[in-house]
Every structure is written in C-alpha cells, then in structure tokens.
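See below for the structure under consideration.
Read-outs throughout are calculated quantities, based only on the coordinates presented, and are distinct from any laboratory measurement. These numbers come from a predicted model, not from an experiment. Positions of Cβ are generated from backbone atoms using ideal geometry, with glycine treated the same way; all protein chains shown enter the neighbour counts.
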Amino acid sequence: MELLVASAIGILTAAGLYLVLRLRTFPVILGVSLLTYAVNVFLFASGRLTVGAPPILQKGVETYTDPLPQALVLTAIVISFGMTAVVVMISLGAYLGSDDDSVDDPLLPEKDGGRDVT
C-alpha cells in the first residue's frame with residue numbers, strides 16, 4: 001500500500017513539474033493543480049494509513065488515526081482552490097490583453113514617431 005501511495009505521489013509530482021515548465025498558461029495551471037494534489041496525498045499519507053480506526057481517543061480503543069493530517073489536507077484544499085481561481089483570472093486577463101496565452105511574450109520594439117527605436 002505504501003509503495004502505491006509513494007508511486008502516485010511521485011507520478012503526480014513529475015507530471016506537475018513537467019506541466020509547470022510548459023510555455024502556455026493552461027498547462028501551467030494544470031501542473032500547479034497536480035502539484036497541490038501530490039502535496040495533499042503526501043500530507044494525508046504522513047498520518048499513517050490506517051483503515052477503520054477512529055480519529056478520536058475513546059475507552060477500549062487500541063489504535064487510532066491522527067486527525068492532524070486530515071485537517072491539514074482540508075486546509076490545503078481550500079487554499080489551492082483559491083490559488084487556482086486567482087491564477088485562472090490572471091491568465092485569462094493576460095490572454096484577453098494580448099490574444100495569446102504564451103508565458104514568455106516577446107518584447108515589442110517601441111515606436112517613436114513612426115520609426116522603430118531599438
């Protein structure tokens with residue numbers, strides 16, 4: 001089980017980094033989302049993967065699940081949703097302003113009275 005979770009985290013991280021290094025805004029947004037998913041799975045797995053154990057200590061219970069990673073994952077989901085919304089709005093504004101979604105816009109030469117000043 002641990003090997004499967006570690007492999008999933010590694011694949012999500014590798015795919016996220018690959019997409020973040022692309023030159024278009026939509027793959028960058030998808031890459032950031034994949035990286036946040038990888039971090040969420042990592043945080044959730046850091047609390048030990050136990051099935052059927054209660055998160056609250058009770059009398060007669062020998063094993064329990066640590067609730068802190070679950071709370072951290074819930075917080076990270078909310079933060080990543082807000083961050084994704086902000087990045088989508090910034091990229092949409094950049095696309096509508098330049099009619100291109102390329103991350104590295106070339107510098108245009110300045111015009112001075114009809115002549116190119118370079």
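Observations, loosely collected:
- Contact order, relative form, for the chain: 22 percent (alpha carbon pairs under 8 Å, 6 or more residues apart, mean separation divided by residue count).
- Inter-label distance, Val51 to Gln70: 1.7 nm, where each label sits 7 Å from its Cα along the C-beta direction.
- Computed FRET value (nearest 0.05) for Gln58 with Val5, which takes r as the C-beta separation and R₀ as 30 Å: 0.65
- Backbone amide hydrogens, once placed in the peptide plane, bring Arg24 within less than 5 Å of Val103, excluding anything fewer than 5 places away on its chain.
- Per DSSP, loop trypsin sites (Lys or Arg not before Pro) in the stretch 20-98 with at most 10 further Cβ within 10 Å: Lys59
- Residue-averaged 222 nm ellipticity for the chain, from DSSP H runs of 4+ at -39500 (n - 2.57), nearest 500: -21000 deg cm²/dmol
- Here's how it looks for Asp66: its modeled amide H is under 5 Å from none belonging to a residue 5 or more places away or on a different chain.
- Taking 0.36 nm per residue of separation and subtracting the Cα-Cα distance, full extension of the segment from Phe44 to Met83 would add 12.0 nm.
- Across the stretch 5-16, rounded Karplus estimates of 3J(HN,Hα) from the backbone phi angles (6.51 cos²θ - 1.76 cosθ + 1.60, θ = phi - 60°) give 5, 5, 5, 5, 5, x, 5, 4, 5, 5, 5, x Hz, Gly and Pro being marked x.
- Pair-distance distribution P(r) for the chain, from all Cα-Cα distances in 10 Å bins starting at 0: 12, 27, 24, 16, 10, 6, 3, 1, 0 percent.
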